[in-house]
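Engineer: Please find one structure pasted underneath; my questions will follow.
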């Protein structure tokens, strides 16, 4: 997925996450296999929220390990996006999906199977 030159100021990069704009949607992708540092995720999420997108998609296709603090941070991100009126959709590995369900967050975080579907669901 490419971003136009007008969207360059939307790019957010760290060693663990990359955020970029696809149309009016900001996509946050995990760059590491170990999802342990909840503070870095929340910082990346808030940086994306500041950009005033039409929606935010979290894309975590293949993490090897996930901490409970990270799952709790997903709930915090969902509450923050709800307060800002910005839809939050996650495209995550089945084990992350299971943890979201075990933490009772499935009513707060909309889960979809594919990144294009997530972008389309927000863009409509």
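Engineer: For a footprinting-style exposure proxy, rank 121, 65 by other Cβ within 10 Å, fewest first.
Structural biologist: Exposure proxy ranking, most exposed first: 65, 121.
Engineer: Does the range 9-123 come out rounded, prolate or oblate, given a ≥ b ≥ c as the square roots of the eigenvalues of its C-alpha gyration tensor, rounded meaning a/c under 1.5 and, failing that, prolate meaning a/b above b/c?
Structural biologist: rounded
Engineer: What's the exposure ranking of 95, 51, 64, going from fewest to most Cβ atoms within 10 Å?
Structural biologist: 64, 95, 51
Engineer: What translational diffusion coefficient, in µm²/s and rounded to a whole number, does the Stokes-Einstein relation yield for the range 73-119 at 37 °C and a viscosity of 0.692 mPa s, taking the hydrodynamic radius as the Kirkwood radius over Cα pairs?
Structural biologist: On the way: Rh = 10.9 Å.
Translational diffusion coefficient: 301 µm²/s.
Each value in this text was obtained by applying a stated rule to the coordinates, not by laboratory testing. All of these numbers come straight from a predicted model, not from anything done at the bench. Neighbour counts are summed over all protein chains in view; Cβ atoms, including those assigned to glycine, are modelled from backbone coordinates with ideal geometry.
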